[in-house]
Amino acid sequence: MPKVTPTSSRKSEHIRINLEEDVASGLTTGLERLHFIHEALPELDLNAVDTRVSLFGKSLAAPLFISSMTGGTPEAARINRTLAEAAQAAGIGMGVGSQRAAIEEPSLAETFQVRKYAPDVLLFANLGAVQFNYGYGLEHCRRAVEMIQADALILHFNALQEAVQPEGDTNWAGLLKKVEAVCAGLGVPVIAKEVGWGFSGRTARRLLRAGVSAIDVAGAGGTSWSQVEMHRAQTEFQRRLAAAFLTWGIPTAESIHQIRTEAPGLKILASGGLRSGLDIAKCIALGAEAGGMAGPFLKAASESLDAAVEAIRLTAREIQVTMFAAGAADIPALQNTLLTEW
């Protein structure tokens, strides 16, 4: 049985809170205000609508990935295996949660090692960017990638979450140069990912110059990790501090718009409050390459593999039907489809 560390114990709390508590942001994604113009005569065969996309050298059956969530505990190992098997069955991508726990305690590595269950999927390793100010460096990133035979590395940026955690890592000074060094030396693409508060166009531009290959916007409108930390709080002070940030962040739609405008050429992945294939299709029309969801797939995977596969296939079919009803025969056409507000 893997050893339980302080980091893995916190991960167990996070899984429980996400499944049992209301941790929704006080903001919406902004996608609800945007609409495709319905095409009553699409001149398409629905089943010939092509949802395939290539991302980081891997072919995906749909522009969809399971957002990074978990790892580091026995329960997380079971969830990751289920998610990996579902991703393999459906032909989509997947990220694992922060691998810091397994770097600290190598016996936990098995809770992240899903490649044997998903030999063909686009797989993202994951570490927290702030750890570069706490002794981590290029070698730790290599270990994370090699640990799970990943195709790319996610560096997650969760400054506000760390700020409202009593045990948070709050020294974020001078990180950009360290991110730049990792991008230059790692040998696989580096993706900068927020955890639910979005990236501004200005920050995306700085990260593009530093060498990141893509940004996963993870905008506001879905899970709020300040709300998660509010439910974890052991004191009234910590609870009130976390609760104050219910409406913080850049909504997902706005974050995509800012990055597309201010950092042209940077690959955009969409996540943050996405709940359907229609949401993902809207993000692709705004400028994203693919969309990720976490909460809906976590809940399905906690039930069964069949439930997880069904949730993914439903989401992929929603993307396909959206494309059909908007008159877009393939993903490039969807990326050139206009959205309107009414």
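When each of the peptides 300-310, 234-244, 65-75 is scored by the mean number of other C-beta atoms lying within 10 Å of its residues, the order from highest to lowest reads 65-75, 300-310, 234-244. Quick one: grab the alpha carbon gyration tensor of segment 168-312, order the square roots of its eigenvalues as a ≥ b ≥ c, and give me rounded if a/c is under 1.5, else prolate or oblate depending on whether a/b is larger than b/c. Taking the square roots of the gyration eigenvalues as a ≥ b ≥ c, segment 168-312 is oblate. Need one word for segment 230-342: rounded, prolate or oblate. Basis is the Cα gyration tensor (sqrt eigenvalues a ≥ b ≥ c); a/c below 1.5 gives rounded, then a/b vs b/c decides. Judged from the Cα gyration tensor, segment 230-342 comes out oblate (a/c at least 1.5, b/c at or above a/b).
Farthest toward the positive end of the dipole of the chain, out of Tyr134, Ala48, Ile154, is the Cα of Tyr134, where the dipole comes from beta carbon charges about the Cα centre. Each Cα pair under 8 Å and six or more residues apart adds its separation to the average, and for segment 6-341 the resulting relative contact order is 24 percent. When only alpha carbons are used to place a centre, segment 211-245 and segment 302-338 end up 28 Å from one another. For the chain, the number of Lys pairs with C-alpha atoms closer than 20 Å, counting only pairs eight or more positions apart or on separate chains, is 11. Think of the chain as a dipole: +1 on every Lys or Arg Cβ, -1 on every Asp or Glu Cβ, centred on the Cα centre; then among Ile259, Asn171, Gln234, Asn171 lies furthest on the positive end. Derived scalar couplings between HN and Hα for segment 321-327 equal 5, 4, 4, 4, 6, 9, x Hz in order, rounded to whole Hz, by the Karplus curve 6.51 cos²θ - 1.76 cosθ + 1.60 (θ = phi - 60°), x for Gly and Pro. Annotation: peptides 267-280, 39-52, ranked by per-residue average of other Cβ atoms within 10 Å with the highest first, follow the order 267-280, 39-52. If you take the charge dipole of the chain about its Cα centre, with +1 on Lys and Arg Cβ and -1 on Asp and Glu Cβ, which of Ala84, Leu123, Gly187 is farthest toward its positive end? Projecting each Cα onto the dipole axis, the largest value belongs to Gly187. Report the Cα centroid-to-centroid distance between segment 79-94 and segment 112-184 in angstrom, as an integer. Between the Cα centres of segment 79-94 and segment 112-184 lies a distance of 21 Å. A helix-only calculation puts the chain at -13000 deg cm²/dmol for mean residue ellipticity at 222 nm, using -39500 (n - 2.57) for each DSSP H run of at least four residues, averaged over all residues. Averaged over residues, the count of other Cβ atoms within 10 Å places the peptides 80-91, 102-113, 132-143 in the sequence 80-91, 102-113, 132-143, highest first.
For the chain, the C-alpha radius of gyration divided by 2.2 N^0.38 Å, with N the number of residues, is 0.94.
Quick note: the coordinates plus some simple rules give every number you see, no bench work behind them. As the structure is a prediction and not an experimental result, all values here were calculated from the model. Cβ: placed from backbone, ideal geometry, glycine included. Neighbour counts: every protein chain shown.
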